[in-house]
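Engineer: Got a structure here, written out as structure tokens. Questions coming.
The values are calculated or read from the model by the stated rules, or taken from the named source; none is laboratory data. Computed from a predicted structure; not experimentally measured. Reconstructed Cβ throughout: ideal geometry from the backbone, glycine too, with neighbour counts over all protein chains shown.
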Amino acid sequence: MFKILFLGTGAADWPFKKYPGVPPALLSGEFRGSSSILVNGKILVDCGPTVPAAMETFNVALSRLSDILITHTHGDHFSLKSLETLAGRVKSSARLNLWMEQGALEKAGTLNNIYNIHKLEPGREVSIAGCSVMPLPANHRVSNSPESPLHFLFSFSGKNFFYALDGSWLSTVAWRAIMNLQLDAIVWDGTIGDLPGDHRIFEHNSIPVIRLMNQTLQANGVYADSARIILSHLGRTLHPGHRELAKNLGEEGMEPAHDGLLVKI
Ligand SMILES: [Zn+2]
Ligand SMILES: [Zn+2]
């Protein structure tokens, strides 16, 4: 079984410096931290500004954490300060593994002094903490960086889970990687909401874009019958309140994530 804990579900426009650190505001979607998940208690995906505080808020046992995967180096996903804080908190003598796309490594600075750093390449599957992880190219861009932002397809004990943020639409390579699979859960970049005309549509999804992709994935049998279709990386000003958003998305078989959401598949 996969256990996916959402440590943050916000896009970059949330005021992360004002992170409340208290469950009521986070569980209700009133405030969202920087987007991040923890898979099976062992694999952290992304480590933005609010992740160390979120790990405390949601009682994450650091002794189980072994690996950190980075999707890309935008500041809401990759914070040197947060990574230094986490490495400092881990008491065991074994260093954590930090996995980054090869072009993103130039942003890693001196992290190689405190982490075991591993290179990721789009399309080259790796085995991490008992899971198969396939990094796939995302339609997203980091200015002034040679990196290729990544989505991650996790497979573990017959289950498949796709973490598809940041990025708009799916790359051809990503589609080909999932077209013959059954996904038990997917997390879409849901930044833009239902606002036509937003220029970010070429780097983040809007709900109409997600709707189109869902129809295709459903029609081609890519979603398992009980697949969880979850939106995260939600823009602060681009969606209604969490309750209304949950109602709207629920009518279409989707759900918005909130910080602290635990998904078991
Ligand atoms: Zn982002
Ligand atoms: Zn980004």
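Engineer: Quick check on my filter: what residues within segment 63-113 are away from ligand 2 (no atom under 16 Å from the Cβ), hydroxyl-bearing (S, T, Y) and in contact (Cβ under 8 Å) with a residue 24 or more places away in the chain?
Structural biologist: Matches in segment 63-113: S63, S66, T85, S92.
Engineer: Another question, then. One residue is enough: does segment 33-49 have a residue meeting the conditions in a helix (DSSP H, G or I) and at pLDDT 95 or above?
Structural biologist: No, the conditions are met nowhere in segment 33-49.
Engineer: Follow-up. Output the residues belonging to segment 124-139 that are within 16 Å of ligand 1 (Cβ to nearest atom) and crowded, with 22+ Cβ neighbours inside 10 Å.
Structural biologist: The one that is within 16 Å of ligand 1 (Cβ to nearest atom) and crowded, with 22+ Cβ neighbours inside 10 Å: A138.
Engineer: Please state which one of N160, N116 is buried (at least 22 other Cβ atoms within 10 Å of the Cβ), polar (S, T, N, Q), more than 16 Å from ligand 2 (Cβ to nearest atom) and touching a residue at least 12 places away in the same chain (Cβ under 8 Å).
Structural biologist: N160
Engineer: What number of residues within segment 100-125 satisfy the criterion of being closer than 17 Å to A164 by Cα and either hydrophobic (A, V, I, L, M, F, W, C) or touching an Asp or Glu at 6+ places or on another chain (Cβ under 9 Å) (or both)?
Structural biologist: Here the count works out to 5.
Engineer: Hey, does segment 224-235 have a residue that's within 15 Å of the chain's Cα centre (by Cα) and among the basic types (K, R)?
Structural biologist: From segment 224-235, those within 15 Å of the chain's Cα centre (by Cα) are 228-235; that's our starting set.
Now drop any that are not among the basic types (K, R), which leaves 228.
Yes: segment 224-235 contains one or more residues that are within 15 Å of the chain's Cα centre (by Cα) and among the basic types (K, R).
Engineer: Just checking, does segment 191-211 include any residue being touching a residue at least 12 places away in the same chain (Cβ under 8 Å), outside any loop (DSSP other than H, G, I, E, B) and of a type in the set (D, E)?
Structural biologist: So far as segment 191-211 goes, no, none of its residues is touching a residue at least 12 places away in the same chain (Cβ under 8 Å), outside any loop (DSSP other than H, G, I, E, B) and of a type in the set (D, E).
Engineer: Taking segment 172-206 only, how many residues are away from ligand 1 (no atom under 16 Å from the Cβ), crowded, with 18+ Cβ neighbours inside 10 Å and more than 19 Å from E252 (Cβ to Cβ)?
Structural biologist: Final tally of qualifying residues: 3.
Engineer: Follow-up question, since we're still on this one. Being touching a Ser or Thr at 6+ places or on another chain (Cβ under 7 Å), closer than 22 Å to V51 by Cβ and of a type in the set (D, E) narrows it down to one residue among D259, D198; which is it?
Structural biologist: D259
Engineer: Are any of the residues in segment 78-101 more than 16 Å from ligand 1 (Cβ to nearest atom), among the basic types (K, R) and closer than 21 Å to F156 by Cβ?
Structural biologist: Scanning segment 78-101, I find no residue that is more than 16 Å from ligand 1 (Cβ to nearest atom), among the basic types (K, R) and closer than 21 Å to F156 by Cβ, so the answer is no.
Engineer: Among the residues of segment 16-27, are any assigned to a strand (DSSP E or B) and more than 10 Å from D259 (Cβ to Cβ)?
Structural biologist: No; the residues of segment 16-27 include none that is assigned to a strand (DSSP E or B) and more than 10 Å from D259 (Cβ to Cβ).
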